[in-house]
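Data first, discussion second: the structure below is written as structure tokens.
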Amino acid sequence: MQRWHGLDAVPSGWGHCVVTIGVFDGIHRGHQSIIGRAVTMAKEQARPSVLITFVPHPSEVVRPGSHPPVLTSIVRRAELVEQLGVDVFCALPFTLDFSRMPPDEFVHHALVDRLHASAVIVGENFRFGHKAAGDVAMLERLGRSFGFTAHGIPLLTEDDTPLSATYVRSCVQAGDVARAATVLGRPHRLDGVVERGDQRGRELGFPTANLRTEQWAAVPADGVYAGRVVRLDEWGRTAPGEPLGVAAISVGTNPTFEVRQRRVEAYVLDYSGDLYGSAIGVEFVERLRGMERFDSVDDLVRQMHADVDRTRDLLG
């Protein structure tokens, strides 16, 4: 899969293609449906498929300070898109000037002049252009003028609930990582670098990897979780090979020791290596309990053993 940063990266002599557009944070099952339709249509037309996403999240540019929690880093997003068969991943810089571009100008500049789109696939609630003035109906009209077809794909729903990034974020923030995994089609994952903490876990017999995450990362609610840890390569992509292992994961401030800084710490079962400075992904599979304050260190250690045992039972 090719990776482009902006439309200036489009190669000279680029031919027609099938385009899908969206923020696509999370690449959840609803996104997968839209992207899958684009990939299928591109194959039917014997043309490449191009996915356009935006960096940073548009809301942060239009309404500074309103950046939603991020479910997937741009690197992770590209990795997941590649698994779906997309030929080109284009990360389009979203600037204030770009946000002021009228809908017809965006279509002409991006879809017609640069990408030569033969078809454009979007979700039925897709909005574009200055003040989100453009919708699917406008895209269809512009397509008829410029020579491409536009297709608004109905949103997936379960129990009358639309599968959306907003819904996944609400599940993650509530600690319902099992439900989030159902919508995503895989466990929610936090990527980051292991940094040195206070090493209290090592002193208690549970050495943990203290994860430094990105600024806007969607961190689950405080509590203890069962999950897995995977290695990432130097680019932040999932490294080939087996995961590091099953892990008991703590999210929160550790009230027993009156730690105020909120942390994500993973104890990888049966692992004895040194992870400091390593890039890892922490996958959240099941919430075991909330964050608690214990009256003594011995009580805490007993509970940590119980958490590890339960994690082993759940995930082997």
(request) Would you kindly derive the ³J(HN,Hα) couplings of the range 49-60 from the backbone phi angles with the Karplus curve 6.51 cos²θ - 1.76 cosθ + 1.60 (θ = phi - 60°), listing them in order in whole Hz, with x for Gly and Pro? (result) 9, 10, 10, 9, 10, 10, 9, x, 4, x, 4, 5
(request) In nm, give the distance between the simple-model label positions of SER99 and ALA178, each being 7 Å from the Cα along the Cα-to-Cβ direction. (result) 3.9
(message) Given Cα positions, please report Rg to Rh for the range 2-158, the hydrodynamic radius being the Kirkwood one.
(response) 0.93
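Pop the C-beta distance of GLU195 and ALA137 into the FRET formula with R0 = 45 Å and round what comes out to the nearest 0.05.
Working: r = 49 Å, r/R0 = 1.10.
Approximately 0.35, to the nearest 0.05.
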(request) Mind checking which of ASN210, SER278, VAL10 is farthest towards the positive end of the chain's charge dipole, using Cβ charges of +1 (Lys, Arg) and -1 (Asp, Glu) about the Cα centre? (result) VAL10
(request) Go through the range 224-315 and name the chymotrypsin sites (Phe, Trp or Tyr not before Pro) that are in a DSSP coil and have 16 or fewer other Cβ atoms within 10 Å of their Cβ. (result) TRP235, TYR271, TYR276, PHE294
(message) Under 5 Å between amide hydrogens, which residues at least 5 positions from ILE153 or on another chain qualify, with H placed 1.01 Å from N in the peptide plane?
(response) VAL122, GLY123, GLU124
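Of all trypsin sites (Lys or Arg not before Pro) in the range 1-79, which ones are in loop regions per DSSP and have a Cβ with at most 12 other Cβ atoms within 10 Å?
Details: sites: ARG3, ARG29, ARG37, LYS43, ARG76, ARG77; in loops: none.
Listed in order of number, the matching sites amount to none.
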(message) Can you give me the long-range amide H partners of SER278? Hydrogens built in the peptide plane at 1.01 Å from N, cutoff under 5 Å, separation of 5 or more residues or another chain.
(response) VAL194
(message) Connecting C-alpha atoms closer than 10 Å in a GNM of the chain, tell me which of ASP160, ASP135, ASP222 has the biggest fluctuation.
(response) ASP160
(request) Quickly estimate the mean residue ellipticity at 222 nm for the chain, helices only: each DSSP H run with n ≥ 4 gives -39500 (n - 2.57), and the total goes over all residues, rounded to 500. (result) -8000 deg cm²/dmol
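Quick note: the coordinates plus some simple rules give every number you see, no bench work behind them. Just so we're clear, the structure is a prediction, and the values are computed from it rather than from any experiment. Here Cβ is always computed from backbone atoms with ideal geometry, including for glycine, and neighbour counts include all displayed protein chains.
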